[in-house]
Amino acid sequence: MDRFEGDMAVIEYNGKTFDLPRELLPVGAKGGDVVRFHIEIDRAATEERRKKI
């Protein structure tokens, strides 16, 4: 993580930067910390949403 700008965290990844809401980072995270993310598809929630469309 590069830095915070207000309520957003500026994340640097593979030479690019993007913003994430600060609330998604662990309490105590600070500029210069290396953070890890895990993103997965919630198949059950996806199916429920599709049923409502």
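At-a-glance table
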{"read-out": "Simple Cβ-charge dipole of the range 3-52, Lys/Arg +1 and Asp/Glu -1, about Cα centre, in debye nearest 20", "value": "220"}
{"read-out": "Amide H within-cut-off set for A9, under 5 Å, with H built and near neighbours excluded", "value": "L20, R22"}
{"read-out": "Globularity index of the range 3-52, i.e. its alpha-carbon radius of gyration over 2.2 N^0.38 Å", "value": "1.51"}
{"read-out": "Net charge of neighbours whose Cβ lies under 12 Å from the Cβ of I11, counting Lys and Arg as +1 and Asp and Glu as -1", "value": "-1"}
{"read-out": "Packing-based order for 7-13, 39-45, 18-24, using average beta carbon neighbours within 10 Å, highest first", "value": "7-13, 18-24, 39-45"}
{"read-out": "Principal-axis tilt of helix 43-52 within the chain, Cα atoms, nearest 10 degrees", "value": "60"}
{"read-out": "Helix-only mean residue ellipticity at 222 nm for the chain, each DSSP H run of n ≥ 4 adding -39500 (n - 2.57), per residue, nearest 500", "value": "-5500 deg cm²/dmol"}
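Coordinate-derived values only; no laboratory data. Values in this document were obtained by computation on a predicted structure and should not be read as measured data. Don't worry about glycine lacking a Cβ; one is built from the backbone with ideal geometry, like all the others, and counts go over all protein chains shown.
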